[in-house]
Amino acid sequence: MSSCYRILKEQGWVWPRQLREAPWKIPRYEPFRPNQIWGEDWTLLTIAEQRHYLLTIIDYFSRYVVVWGIVKTVTQAEVQKLLVLAMISEGLDGKAHKPMLRFDRGSPNMAHGTRKLIKELELLMSPARASRPTDNARQERWYRTVKQEEIYCYPSYSTVEIARYCLSAYIEEYNERRPHQALWNFTPGYVHRLGNKTLIHQHYQQQVRIAKERRIEWNRSQLQKIVSVST
C-alpha cells in the first residue's frame, strides 16, 4: 500500500486533503446552557443472547441523558423517533434556540428521511469526522460509564422488559443521584435544571466553604477532647 502511495505521489496523482479542525478547538462546541448541543449515538447490548442496541441523546452542557430507548435494529425510523421524543421531553417546540445535533456518519443518521426531519425540527446538523469518535466524546464517555457500571455486569439480560427496567433504574441514578466529576460533583439532572455555569460554580464554592467550616469545627472539638483528657 505504501509503495502504491509513493508511486502515485511521484506522478502527481495524490492531492493533499484538508481535514476539518477538531471540534474542541472551535468555541461553538463548548456549550454554556442546556439543550445547546446534543450528542446522539447507539451502543450494543445483549438480550436473551441476541443483539440489541441502546440509543441515547445526551446533553453536552449537563451530561444529562435526555431520552433513550432499546431497539432490535437501528434504522432511520428509530433515530427519528428518538429525536422527536427528545424535542417533546425538553419542550423545545416553538423555542427560538434549537440544539446542534452531534452524531456519527452512520446510514441511519445520514439518511434522507433523518436529515429532512432534522431540518423540519430546526435542529443544526453537526456530523462527526470519519473515524473520529472523539468528535462525540461526551456521548462516548457516557457509554463507557453505563457499560462498566451496568451493561457489562450481565452476560445477557434475560428479557427486553428486564433490560428496560435495569437501564431505566441506572439512568435515573446517573441523572439524579450520581455525582459527576466534570460537573463539580453535582448530578447531571441538577446542572441541567439550573442551566447556568456561574450559578453552578457559586453553589460549588458554597459547598467547599461549608465543608471547610465543618472540618475546622471538627478539629476544634477533637482538640478540646485532647486538652480535657490531658488535664
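The values are calculated or read from the model by the stated rules, or taken from the named source; none is laboratory data. Bear in mind that the values here come from a model prediction, so they are computed numbers and not experimental data. Because the Cβ atoms are built from the backbone with ideal geometry, glycine has one as well, and the counts that use them run over all protein chains shown.
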How many residues, within segment 86-110, are under 21 Å from TYR190 (Cα atoms), in contact with a Phe, Trp or Tyr (Cβ under 9 Å, 6 or more places away or on another chain) and in a helix (DSSP H, G or I)?
1
Filtered residues of segment 91-118 (kept if under 21 Å from ALA77 (Cβ atoms) and of a type in the set (Gly, Ala, Ser))
GLY106, SER107, ALA111, GLY113
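For segment 54-85, which positions are among the β-branched types (Val, Ile, Thr) and either part of a loop (DSSP other than H, G, I, E, B) or in contact with an Asp or Glu (Cβ under 6 Å, 6 or more places away or on another chain) (or both)? Don't jump to the end; show me each part of the working.
Taking segment 54-85 and keeping what is among the β-branched types (Val, Ile, Thr), we get 56-58, 65-67, 70-71, 73-75, 79, 84.
Of everything in segment 54-85, those that are among the β-branched types (Val, Ile, Thr) and either part of a loop (DSSP other than H, G, I, E, B) or in contact with an Asp or Glu (Cβ under 6 Å, 6 or more places away or on another chain) (or both) turn out to be ILE57, VAL66, VAL71, THR73, VAL74, THR75.
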Criterion (surrounded by 14 or more Cβ atoms within 10 Å (Cβ to Cβ), in contact with a Leu (Cβ under 9 Å, 6 or more places away or on another chain) and not in a loop (DSSP other than H, G, I, E, B)) met by exactly one of TYR170, TYR174, TYR190
TYR190
Name the single residue, out of those in segment 129-153 being of a type in the set (S, T, N, Q) and either in a helix (DSSP H, G or I) or in contact with a Gly (Cβ under 7 Å, 6 or more places away or on another chain) (or both), that is modelled with the lowest pLDDT.
THR134
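Within segment 131-146, track down each residue that is out of contact with any strand residue (DSSP E or B) (no Cβ under 8 Å at 6 or more places or on another chain) and farther than 13 Å from ILE171 by Cα.
Step one: list which residues in segment 131-146 are out of contact with any strand residue (DSSP E or B) (no Cβ under 8 Å at 6 or more places or on another chain), which gives 131-134, 137, 141, 144-145.
Scanning segment 131-146 gives SER131, ARG132, PRO133, THR134, ALA137, ARG141, ARG144.
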Checking the structure you have, find out if any residue of segment 17-26 is at pLDDT 80 or above and touching a helix residue (DSSP H, G or I) at 6+ places or on another chain (Cβ under 9 Å).
no
Evaluation of GLU90 against (1) modelled with pLDDT under 95; (2) of a type in the set (D, E, K, R); (3) touching an Asp or Glu at 6+ places or on another chain (Cβ under 9 Å) (one fails), failing number
(1)
When (1) farther than 25 Å from ASN196 by Cα; (2) at pLDDT 95 or above; (3) touching a Pro at 6+ places or on another chain (Cβ under 7 Å) are applied to ARG105, the one that fails is (2)
Collect the residues in segment 122-154 that are touching a residue at least 12 places away in the same chain (Cβ under 8 Å), among the hydroxyl-bearing types (Ser, Thr, Tyr) and closer than 18 Å to ARG51 by Cα, keeping them in residue-number order.
TYR143, TYR154
One residue from LYS147, LYS197, LYS119 being closer than 23 Å to LEU44 by Cα, surrounded by 11 or more Cβ atoms within 10 Å (Cβ to Cβ) and not small (Gly, Ala, Ser)
LYS147
Output for Cβ contacts, cut-off 6 Å, separation at least six or different chains, first residue closer than 24 Å to ASP59 by Cα in segment 196-212, second of a type outside the set (A, V, I, L, M), reads TYR204/TRP184
